[in-house]
Amino acid sequence: MFDSLSDRLDGIFSRLRSRGRLTEKDVDEVAREIRQALLEADVNVKVARAFITRVKDAAIGANVHEALNPAQQIVKIVHDELVATLGGETGKLVVSSKPPTVILLAGLQGSGKTTHAGKLARHLKSQGRQPLLVGADLQRLAAVEQLRTLAQRIDVPFFSEDSDPVTVARKGIDEARRLGRDHVIVDTAGRLQIDADLMDELARVRDAVQPHNTLLVIDAMTGQEAVNVASAFNETIPIDGVIITKIDGDARGGAALSVKEVVGKPILFAGTGEKLDEFEVFHPDRMAGRILGMGDMLTLIEKAEQTFDEEQKARAEEIMREGDFTLEDFLDQLRQVKKMGPLQNVIGMLPGMPKEIKDADIDDRELGRVEAIICSMTPAERAKPNSINGSRRTRIALGSGTSTGEVNNLLKQFGQMQQMMKQMGVMGRVMQKKSKKNKKKGGRTTAKGTKPVSTKSNPGLGGMGAGGLGSPGLGDLGDLGDFGGLGGLGGPGGFKGLPKR
Amino acid sequence: MDTPIVVMLVVLAIVAIVAGTFAFRSRGRIETTIEPAPARPPAPVEPGLVDAIPSDAADVPAAPVAAIELFEEPSGEPVKANLRSRLGKTRAAFGGYLRAVAGRRIDDEVYDELEEALLLADVGVATTNRLLDGVRAQVSANKVTDADAVVAMLRGEIEAMLSDSVDRSLRTTPDQLSVWMFVGVNGVGKTTTIGKLAAQRSRAGGSVMLAAADTFRAAAAEQLTQWAARAGVDIVRGDEGADPGAIVFDAMASATSKGVDLLLVDTAGRLHNKNNLMAELEKLRRIVDRTEGALHEVLLVIDATTGQNGLQQAKQFAEAVDVTGSVLTKLDGTAKGGIVLAIQAELGLPVKVVGVGETVGDLIEFDPAEFVAALFEG
């Protein structure tokens, strides 16, 4: 059900591939697939319709890019259109010239307003601002208590009292002036957009505090209803921006597109986890990739950059260049990857991964076992895995609390990987030269490297390594500079040995 | 060569090696995870951990007044609210589509409009196709040409999908401790649902106890404590950040020794793709399971505004803790909760209770006929 759009389009185009370019009829046929992909991602039916019309126009008028196959062309057009639609200024709050700047949060029950009031306060504080949290949700039991606790945790002053939301909000602003705080975040009670009384109350809170930023908080899991919610809130209290929450789940988040279409205001922030620091500026390109089921390479790269220090990066690059990869390096990288969070999440961010891998339940404790196995080897053994004979294997298994079977398997997998790295090292050098040349010409050089992979990458798990990376979805994220250079890696190695689970 | 790309390839290498190394022993791995945890020393029951609420009522001064507000039924009708009357006014969208096709002859446009109506109700592409295929088959078999008949057939298909053969009652065993666990993603309304159920059951004369095993969200235990005070039932709670397992353990012990009939266990909201949190949930279930025959229901709480991700949620939770049914909350918006069709059709997980408003009486039994009627006649 959750096949990515690129997989599906590949299916259609495999029939037409010989023609190699798009006709209007193809576009119509493809529009249906795009619609289905959008609907499965919870984009509103009507929004999807309008969106597809735009895509069609773009597709028919588009310059046919020789280097992209039809599926890639379409995915690229859809992706670009999504980015364009979702885009706009992100993460920018209006700052009042006369402090305090007032931020009002509104939304349905359970969308995450209170939590995100806390996260936003923390975010502002980390930027050197001085926020005050105001708990004007007097409806839900213990909501005020919840915000008070969050405020304590991030060491930000808090105001609330047992009166009515309008009074609390107004007094909250006074309190901010008194304390000299430059930002006030007003949390309101969750309400249904059809509840006239509560919507009216929200309008009165708005009038009382005259917010500079009125933010709609919406759950990424929201379905078709997102459109009604957004338009009703927007009519009651004109929305200046949106916070999309719970995007750390596996919902495709089509609601983001729906809301954006209706409100026409930027999606400013995204909630990415339960902890208060799991909050970031919204990235339209990542959301676009997500809606299309293309994985989230950019987040992965960003995470990698945060985790790997310069030295390690240099070493990784050397490994790639020289194809010289020892168990010691592997152990080192493994530990870095562990820091990037659960392996499952990391894999989820890789585009074009075969379903078998994505669905495989990879337990992070397995990383620990691998680590244990390598740690039970002597430095000499780590440098030269070939020297590990039967009795050494038994010793390593005993030392690491695993079985010789597991040690064998690790060594086997490692051997294959080493082999592949060597090949990649060679390819990398060749491609690097090539792509440097291409770069001078400017424009999208990436597609050239990608093409041979997507058509010829070995099927099944073999594609997991580099073949997966060259999948159409990624070809589209082609702005990654020299990435095309690596695209050609699909052919040579593959992970033939990777057993299916 | 771009460094990030290099790093990423290394990540891939690691993934491949790790997956490869352990793939062959995946069966063994499952065994190890299920392995019972080493016998846990009985948690020292801290004084004050098990609070009988009446003695603690001073903490919640506003409770009595608010309680009256909440318990009062606007219509004066007893506990049971009528789904259709609650939803009636808000159903215009779906009803509008159906009225638009009324009296017309069957053509592709009619199907397109029905499709759109279903999709807008969050029924989802796959389930919508399945329903409409069924209708198409009937149409060609019966040589129908009238669009009204198509609507009737669609209604029949949906009713069949929600067929009544499933047990929608919330099970208890008389004169014995029955435990209901509530699970779900963040913000769906688990705590509120438990509060309302506790109030209903306690008013109906049952002895009810609550276990506040959501120790993660700030003030979640406080919220449940206030509900307990309103409903006049006992609650077992711990400090924020406490081990939820310890709370469930203590609650089981306390409920058993006090001879409580019904223990409602609140758990922290968790996204179903977080393995460690799902494992924690499995553990909570195992703790309840230690008292044989006590666990009667594991209820997945789903927000009616949830889209297609609802199915994924249901799958993951069902796999982790063997869910027995679902609670559909916030159905009083304009959302139609169509995802429950897919959940029941694909997983056989029946909706048992629906929430249609803020008061205690607004949590009602799920009546499929009324649900479908509300969809079609709204």
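The values are calculated or read from the model by the stated rules, or taken from the named source; none is laboratory data. Model, not experiment: these values are computed from the prediction. Cβ coordinates were reconstructed from backbone atoms using ideal geometry, including for glycine residues, and neighbour counts include every protein chain displayed. Please note that ligands, DNA and RNA were not included when accessible areas were found on the heavy atoms of the full protein model with its side chains. Shrake-Rupley method; radii C 1.70, N 1.55, O 1.52, S 1.80 Å.
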Where does each of B:Tyr111, B:Tyr97 land when they are ordered by accessible area, with a 1.4 Å probe and the largest first? B:Tyr97, B:Tyr111
Rg to Rh for the stretch A:85-242: what is it, with Cα atoms only and Rh by Kirkwood? 0.94
Would you calculate the separation in nanometres between label points at B:Arg105 and B:Thr145, each defined as 7 Å from the Cα along the Cα-to-beta-carbon direction? 0.6 nm
Using only the alpha carbons, work out the radius of gyration and Dmax of the stretch B:251-335 in angstrom. 14.5, 45
Quick one: length gained pulling B:Ser207 to B:Glu365 fully straight, 0.36 nm per residue minus the C-alpha distance? 54.8 nm
If I ignore ligands, DNA and RNA and count only protein heavy atoms, how much of B:Val144 is accessible to a 1.4 Å probe, in Å² to the nearest 10? 30 Å²
Quick shape summary for the stretch A:167-321, equivalent ellipsoid via Cα gyration tensor, semi-axes whole Å in descending order, reads 36, 22, 11
Can you tell me the length gained on complete extension of the stretch A:Lys98 to A:Thr378, counting 0.36 nm per residue apart and subtracting the Cα distance? 94.2 nm
Given a Förster distance of 30 Å, report the FRET efficiency between A:Asp364 and A:Glu89 from their Cβ-Cβ distance, rounded to the nearest 0.05. 0.20
Solvent-accessible area of A:Phe159, probe 1.4 Å, all protein chains present, reported in Å² to the nearest ten, please. 30 Å²
Label A:Thr404 and B:Ala279 with points 7 Å out from Cα along Cα→Cβ: what is the distance between them in nm? 2.9 nm
Segment A:Asp28-A:Asn386, extension gain: residue separation times 0.36 nm, minus the distance between their alpha carbons: 123.2 nm
Give me the accessible area of A:Lys46, 1.4 Å probe, in Å² rounded to the nearest 10. 100 Å²
Of the lysine pairs in the stretch B:178-323, how many meet both conditions: Cα atoms under 25 Å apart, and a spacing of 8 or more in sequence or different chains? 9
Run the accessible area of the stretch B:178-323 with a 1.4 Å probe and give the carbon-and-sulfur part as a rounded percent. 45 percent
Could you tell me what a quarter of the Cα convex hull surface of the stretch B:178-323 works out to, in nm² with one decimal place? 8.0 nm²
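Quick one: dipole size for the stretch B:178-323, taken about the Cα centre, charges +1 on Lys/Arg Cβ and -1 on Asp/Glu Cβ, in debye to the nearest 20.
Magnitude of the dipole: close to 280 debye.
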Total accessible area buried between chains B and A, 1.4 Å probe, in Å² to the nearest 100? 7500 Å²
Which residues, if any, in the stretch A:212-241 lose at least 40 square angstrom of accessible heavy-atom surface (probe 1.4 Å) when the other protein chains sit next to their chain rather than the chain being alone? A:Met221, A:Gln224, A:Glu225
For A:Ala203 paired with A:Lys275, estimate the spin-label separation in nm (one decimal), with each label point 7 Å from Cα along the Cα-to-Cβ line. 4.3 nm
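Go through B:Ile235, A:Ile194 and list them by solvent-accessible area, largest first, probe radius 1.4 Å. The partial results should precede the final answer.
Working: B:Ile235 0, A:Ile194 70 Å².
Putting B:Ile235, A:Ile194 in descending order of accessible area: A:Ile194, B:Ile235.
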Specify which residue in the list B:Thr267, B:Val236, B:Ala279 is farthest towards the positive end of the charge dipole of the stretch B:235-285, using unit charges on the beta carbon of Lys, Arg (+1) and Asp, Glu (-1), about the Cα centre. B:Ala279
For B:Lys196, A:Lys275, write out the residues from largest to smallest accessible area, computed with a 1.4 angstrom probe and no ligands counted. A:Lys275, B:Lys196
How large is the charge dipole for the stretch B:276-346, taken about the Cα centre, if only the Cβ atoms of Lys, Arg (+1) and Asp, Glu (-1) carry charge, to the nearest 20 debye? 100 debye
